[in-house]
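Below is one structure; the comments refer to it alone.
The values are calculated or read from the model by the stated rules, or taken from the named source; none is laboratory data. Small disclaimer: the values here were computed from a predicted structure and weren't measured. Heads up, the Cβs are rebuilt from the backbone with ideal geometry, glycines too, and the neighbour counts pull from every protein chain shown.
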Amino acid sequence: MKSGSRLEKVLAGGHFAVTGECGPPRGADPELVRKKAAHLKGVVDSVNVTDNQTAVVRMSSLGGCLILLQEGLEPNLQMVVRDRNRIALQSDILGAYALGVRNMLCLSGDHQKFGDHPAAKNVFDLDSMQLIQTVKKMRDEGKFINDQDIQCPPKMFIGAAANPFAHPIDFRAVRLGKKVAAGVDFVQTQCIYNMDRMAKFMEQARDLGLTVKV
């Protein structure tokens, strides 16, 4: 699979990849994104752009990704299923690819009750694993969820998140295995400080054969 992603090339070459993160501002000023981008230029292989993290309204992930592209950085579009049904998800994937985005991270999203609009209605038409399956189908089969053909399939490098510390802990690698089976290409965790716990998680992932698949 060739997505045109620099991150994919780094990982496929067996190199150590470095990613950063850019939380879009709570407003429409693109200069705030550019200031963050300035700290990351020449330092990272790709930059995650969060999608209304903690269910707080911010500039869209896609908007932030486009600004990073203009600044010469490779973005990693984060997309949550909390706010979009399958029509909007597929539409945004097409739009992101058309604008030059080549990486995306498929996420559930923090529940809206934890954010600044707790009365908002969530969507969750798909879950994060079904979103992974959707992107893979669009990319590899050139088809939408309803099996209709896509004229120009989006060749995304597909990512997913893993949390080695969530309970039940012994289920974390199994859950990751389901995401791998759904078609994910790479996996990201939050920053890791408990190396003993991380080592156990990685041992479980190796035992399931996950580390040779992603």
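For the subset of region 53-73 comprising residues that are under 21 Å from residue 135 (Cα atoms) and surrounded by 24 or more Cβ atoms within 10 Å (Cβ to Cβ), which member is nearest to the chain's Cα centre (by Cα)?
Going through the qualifying residues, I end up with 61.
Restricting attention to region 1-52, and to residues there that are acidic (Asp, Glu) and part of a loop (DSSP other than H, G, I, E, B), which single residue is surrounded by the fewest Cβ atoms within 10 Å (Cβ to Cβ)?
By that ranking, first place goes to 29.
Considering (1) touching a strand residue (DSSP E or B) at 6+ places or on another chain (Cβ under 8 Å); (2) within 15 Å of residue 158 (Cβ to Cβ), say which one residue 50 fails and leave the rest.
Here residue 50 meets the rest and fails (2).
Say whether the condition of being farther than 13 Å from residue 104 by Cα and at pLDDT 95 or above is met by at least one residue in region 186-193.
No, because not a single residue in region 186-193 is farther than 13 Å from residue 104 by Cα and at pLDDT 95 or above.
With 160, 205, 182 as the choices, which residue is more than 18 Å from the chain's Cα centre (by Cα) and small (Gly, Ala, Ser)?
After ruling out the rest, the residue left standing is 205.
Listed residues 32, 66; which is without any contact (Cβ under 8 Å) to a residue 60 or more places away in the chain and touching a Leu at 6+ places or on another chain (Cβ under 6 Å)?
On inspection, the qualifying residue turns out to be 66.
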